[in-house]
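The values are calculated or read from the model by the stated rules, or taken from the named source; none is laboratory data. Keep in mind that this is a model prediction, so the values were computed, not measured. Here Cβ is always computed from backbone atoms with ideal geometry, including for glycine, and neighbour counts include all displayed protein chains. With ligands, DNA and RNA removed, areas are computed over all heavy atoms of the protein, side chains included. Shrake-Rupley method; radii C 1.70, N 1.55, O 1.52, S 1.80 Å.
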Amino acid sequence: MPFIPHTEDDTRAMLAACGVDSIEDLFDEIPPELRADALDGIPPGRDELAVSRLLHARAAQDAQPLCFTGAGAYEHHIPAAVWEITTRGEYYSAYTPYQAEASQGTLQLLYEFQTMMSELTAMEVANASLYDGATALAEAVLMAVRANRKSKARRILMPRTVHPRYRGVVQAIVHHQGITLELLDYDTAGGHINPASLPTTPGDITALVIPQPNFFGALEDADALTDWAHTHGALVIGVVNPTAMAVITPPGEWGAAGADIVCGEGQPLGIPLASGGPYFGFMCCKQKIVRQMPGRIIGATVDLEGKRGYVLTLQAREQHIRRSKATSNICTNQGLMTTAATIYMAVMGPAGLEGVARQCHANTRALVQQLGEIDGVETVFDRPTFHETVLRLPRPTAEVLAGLSERGIFGGFDLSADYPELDNTLLVCATETRNETDMDAYAAALREVLA
Amino acid sequence: MSNIPSELKYTKSHEWVRIEGDGTVTVGISDHAQALLGDMVFVELPEPGTSLDAGEECAVVESVKAASDVYAPMTGEVLAANELLEDAPETINTDAYNDGWLFRIKLADEAELKELLDAEAYAELVAEEDH
Amino acid sequence: MTQRAVCEPLIFEHSRPGRVNRAQSAHLGGELNGIPESLRRKHPPRLPEVSELDAVRHYTRLSQKNFSIDTHFYPLGSCTMKYNPRACNTLASLPGFLGQHPLSAARDSQGILACLWELQEMLKEVTGMSAVSLTPMAGAQGEFAGVAMIRAYHDARGDDARTEILVPDAAHGTNPATATMCGYTVREIPTDNQGDVDEEALKAAVGPHTAGIMLTNPSTLGVFERRIHEIARIVHEAGGLLYYDGANLNAILGKVKPGDMGFDVIHMNLHKTFSTPHGGGGPGAGPVGVSEHLQPFMPIPVVGRDDSGAFRWLDEHDLPQSIGRLSAHMGNTGILLRAYIYALMLGREGMVRIADYATLNANYLMARLRDAGFDMALPGRRATHEFILTLKHQAKEPGVTAMDFAKRLLDYGFHAPTTYFPLIIPECLLIEPTETESKQALDAFVEAMTAIQAEAEKDVETLKGAPYSLPVRRLDDVKAARELDLRWQAKA
């Protein structure tokens, strides 16, 4: 019996202790008419060898093209140490650290994670993760509504330069609570939100979302946007790429007062692409609004003998205590992913992370330059970018991508479905995992496809 | 046994009320309530100037293991909130009936006072809950 | 135990300025030509500067301060801490799976899509629901999806008077929190003294304002809700829908299908019933199953199959009434893959055996503890996959609490059961042994409980001071909450 250790003798002795003749008798409180028939739709069990054979075949079936696509999920090198340690059973098979004394490993690691994320974003505090970047933004919006007590409007300004999928997820999650997401259009020259285009008397706004870099890869004028929002009584929610934080102004330093809440997708920090998950969302904020933050938070304390230790704290915000008035319904988060991210940041260090960020920036610029030499291929926006850029193509994007795919290249993200005005455009990315040979291959393939 | 001063009035939801005689009342949570909740770690108080209806949730007292809503015992306007509790929420544990007060209300309708329990009735309520 | 002596510093305290792990960054760099000075970071983030060995040693040492299933019996009620087969991790981590970009074309993803499609089919079969969406990333998100679908269903019928969700008072906290997130008010239904939903109170509560009820069956009290058909009838007649919280599906897998109990929508915790790892707090996976009338509202994406047999993602074009996306991509794919691998190994017979042996283990442990003198919260009932022991007598005399027992169990090498849940049972331990533990492990647990009871009777202080043998003694939660210290700060 897979994973069931009972011998026949054990089972007999146990049934006797229960005072029944068969296991079936233990189900005698279930009304007989509810009992299910055999599970004919499920195949018979297989051993590990047979399952292994099948899964190897399935994994080999999927093409592994050379990837020049980001759009929210980025291929980075992951040091071997990261997952070797993360999948140790003591991390992999532990539960949420409710019994603090028996979970000091996970708790100390998460305290280090909170410190690292606070440092990276230059914010005061961080939580121990949310599900992914999109849901982290939804939670940030809900948090802003709770934290901005002066605002009664429940009105969030959401730039169109925020990842379209994130906008969709936020809408799906927050619309039940009477919150309105008001779209802000982007500057067609820069591909960013032009601060000069913002109204001078916007009325009651609860929060402004600022993506950095934005979905087009462009860097927003975060200082001006932050100051504008604060002038009008709105909180600032930054949604940022953690790799970019190594080289660009972190949200804690935006404008005069800094962002109030910061969130984002943690995948670039040591998490494999893996068809979209599991990844993790992160969230940081100013300490004065930490009681409005959702999710697990770890705090340092002392034990009976005065020795340093770590516990889950501020639990009265959470669903298991506060029930219908909790800050969120979240309980299980993405613990193992934050374990990997913490080890990733420690192994890379500040120099390593900066190296990755610089290499991504330089590679994407080199790629864009090389592709831009092809007839009819040009950049669409003129704002500075981090590691993604929008290109215009002389032919419909879907057709070009299909051609590239035949040549083993995943050439980028087609923007036309989400931005109908950007037809024939492509969002490209070259992380540190792409080298000159890869980029030459892309350019050659694109020339062929467009020829 | 919990301490139930006879000069105060009480609610079924474990608030105490001190009638100040000038149309205002001071409100806190009873010794019994603080003992049930345990060590206080945070208190959220209504802003002065807020209008409250009797029975409305208007404050939260939080311990490590529980968070409990405090209900306005009567209708009126919040005159003051106990700022001391922001930094020293444990005052509710050590001195629930004096320094551990939560807020003061200017009454809109003194007739509501008749709805409150006296110390004897509240003691009975506490004794029942213990069983 | 030697662990006590080792105090592992923070990784930041291992840091030395200028120490660089060149194996990871020697050839990385490049000019920031494209980024104007005004947008650049002025000071580098203070991440630790350590060697790769420092990091490996530090995080290995930290791991050794954890209890886990791989190292300890972990009878944490409601959490289903059973063995997480290593094969699931190894096979889900094949490079072909890990390297796949989430926006890859379906034609390049037929392998992973086939796995997910088969998992959908297996979950439909075992729950008796019409369709399954795998996308919710945890039980709580599955709950959100479920209640949002209930709301979408009523809205689509123009039935907007339904503003209330009913929740038993013993429910998981996520249930009321979820109902609030979906814009509903919550009404609690009391539990009767046998652990079943109070039917009279339910009848009095339902009406034209009832959107639905959220139920766990077996309930959080570790007993099977025997009148489930009657409850379903009452709620359905009032026009409400039934939501099944699948946290305890482990207990009835292959024995009873939620769809047959009358539930309209369910979520499953794959990190419980399908044994994907808990990872120190996630990631989980909380797929939802629906009956036919809720199918149009399922969260996207869902894996579909066209006439040629090819798989593809179904999105808003296929399900225009969907409640939408709940993640940027398709949820926790790697966790779904682990559940799929587990399901393949178990097969149809293995799934039923889960319920058989989880139930046998719980009833055996309950019988042994009862014989050892402990009080059960619901003595007249069969245990399902878990049961509740109450220490309310011990709390009065000799004066030791559920918390004291929990902490002392750690010294004996057992993770504590769930304490103080459900909230309606005083001084309780919710104990779930799971099917992967042997009789010998359960017997050892009984011995520890008996020994602790004897210690308590001799001197309560022994328990009050526990634990003694772990990396730290009992920690001060109150100080942590009053004097918030949520991150390390360099000493000035």
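Annotation: of all residues in segment C:93-114 being within 7 Å of another protein chain (Cβ to nearest Cβ) and among the hydrophobic types (A, V, I, L, M, F, W, C), the one that is nearest to A:GLY403 (Cα to Cα) is C:ALA105. The lone criterion from (1) at the interface with chain A (Cβ under 7 Å from one of its Cβ atoms); (2) open to solvent by 70 Å² or more (accessible area, probe 1.4 Å); (3) closer than 24 Å to A:ARG308 by Cβ left unmet by C:ARG57 is number (1).
Residue by residue through segment C:434-458, note down the ones that are open to solvent by less than 10 Å² (accessible area, probe 1.4 Å), within 11 Å of another protein chain (Cβ to nearest Cβ) and at negative phi. Of everything in segment C:434-458, those that are open to solvent by less than 10 Å² (accessible area, probe 1.4 Å), within 11 Å of another protein chain (Cβ to nearest Cβ) and at negative phi turn out to be C:GLU435, C:LEU442, C:VAL446. Is it the case that segment C:395-408 has a residue that's open to solvent by less than 10 Å² (accessible area, probe 1.4 Å), within 8 Å of another protein chain (Cβ to nearest Cβ) and within 30 Å of B:LEU36 (Cβ to Cβ)? Yes - at least one qualifying residue is present in segment C:395-408. So is C:ASP196 more than 20 Å from C:MET149 (Cβ to Cβ), among the charged types (D, E, K, R) and either free of Cβ contacts under 8 Å to residues at least 24 places away in the same chain or crowded, with 24+ Cβ neighbours inside 10 Å (or both) or not? Answer is no for this residue. Would you be able to say whether some residue in segment C:34-41 is of a type in the set (Asp, Glu), free of Cβ contacts under 8 Å to residues at least 40 places away in the same chain and in contact with a Ser or Thr (Cβ under 9 Å, 6 or more places away or on another chain)? No. Scan segment A:354-362 and tell me whether some residue there is assigned to a loop (DSSP other than H, G, I, E, B) and small (Gly, Ala, Ser). Within segment A:354-362 (the criterion being assigned to a loop (DSSP other than H, G, I, E, B) and small (Gly, Ala, Ser)), the answer is no, since none of the residues qualifies. The C-beta contact set for segment A:178-198 (first residue acidic (Asp, Glu), second residue surrounded by 11 or more Cβ atoms within 10 Å (Cβ to Cβ) and not in a strand (DSSP E or B), distance under 6 angstrom, 6+ apart or interchain) comprises A:ASP185/A:ARG160; A:ASP187/A:ASN194. Screening the candidates A:THR121, A:THR86 for the property of being within 16 Å of the chain's Cα centre (by Cα), touching a residue at least 24 places away in the same chain (Cβ under 8 Å) and closer than 25 Å to A:GLU354 by Cα yields one hit, A:THR121. Only helices (runs of 4 or more DSSP H) whose full extent lies in segment C:55-147 are considered here, and the ones with at least 1 residues that are of a type in the set (Asp, Glu) and more than 18 Å from C:THR276 (Cα to Cα) are C:110-127. Scanning segment B:67-79 for residues that are within 14 Å of chain A (Cβ to nearest Cβ) and crowded, with 16+ Cβ neighbours inside 10 Å gives B:ALA67, B:SER68, B:VAL70, B:TYR71.
When A:THR161 is tested against (1) assigned to a helix (DSSP H, G or I); (2) more than 10 Å from chain C (Cβ to nearest Cβ), only condition (1) is not met. Note on segment A:363-414: residues that are within 16 Å of A:ARG447 (Cα to Cα) and either in contact with a His (Cβ under 7 Å, 6 or more places away or on another chain) or not in a helix (DSSP H, G or I) (or both) total 18. Restricted to segment A:267-295, and to residues that are part of a loop (DSSP other than H, G, I, E, B), facing another protein chain (nearest Cβ under 7 Å) and modelled with pLDDT of 95 or more, which residue is surrounded by the most Cβ atoms within 10 Å (Cβ to Cβ)? Step by step, filter segment A:267-295, then rank; the result is A:PRO278. A single entry from A:PRO97, A:PRO44, A:PRO79 fulfils the requirement of being at the interface with another protein chain (Cβ under 7 Å from one of its Cβ atoms), farther than 18 Å from C:ASN361 by Cα, surrounded by fewer than 18 Cβ atoms within 10 Å (Cβ to Cβ) and in contact with a helix residue (DSSP H, G or I) (Cβ under 9 Å, 6 or more places away or on another chain): A:PRO44.
Total residues in segment A:124-147 satisfying the condition of being assigned to a loop (DSSP other than H, G, I, E, B) and either under 18 Å from the mean Cα position of the chain (by Cα) or closer than 10 Å to A:ILE298 by Cβ (or both): the figure is 5. Are any of the residues in segment C:76-84 open to solvent by 20 Å² or more (accessible area, probe 1.4 Å), in contact with a Ser or Thr (Cβ under 6 Å, 6 or more places away or on another chain) and either within 7 Å of another protein chain (Cβ to nearest Cβ) or charged (D, E, K, R) (or both)? Yes, because at least one residue in segment C:76-84 is open to solvent by 20 Å² or more (accessible area, probe 1.4 Å), in contact with a Ser or Thr (Cβ under 6 Å, 6 or more places away or on another chain) and either within 7 Å of another protein chain (Cβ to nearest Cβ) or charged (D, E, K, R) (or both). Test C:ALA441 against the stated conditions and say whether it is in a helix (DSSP H, G or I), closer than 24 Å to C:SER68 by Cβ, among the aliphatic types (A, V, I, L, M) and in contact with a strand residue (DSSP E or B) (Cβ under 9 Å, 6 or more places away or on another chain). When the stated conditions are applied, C:ALA441 passes them.
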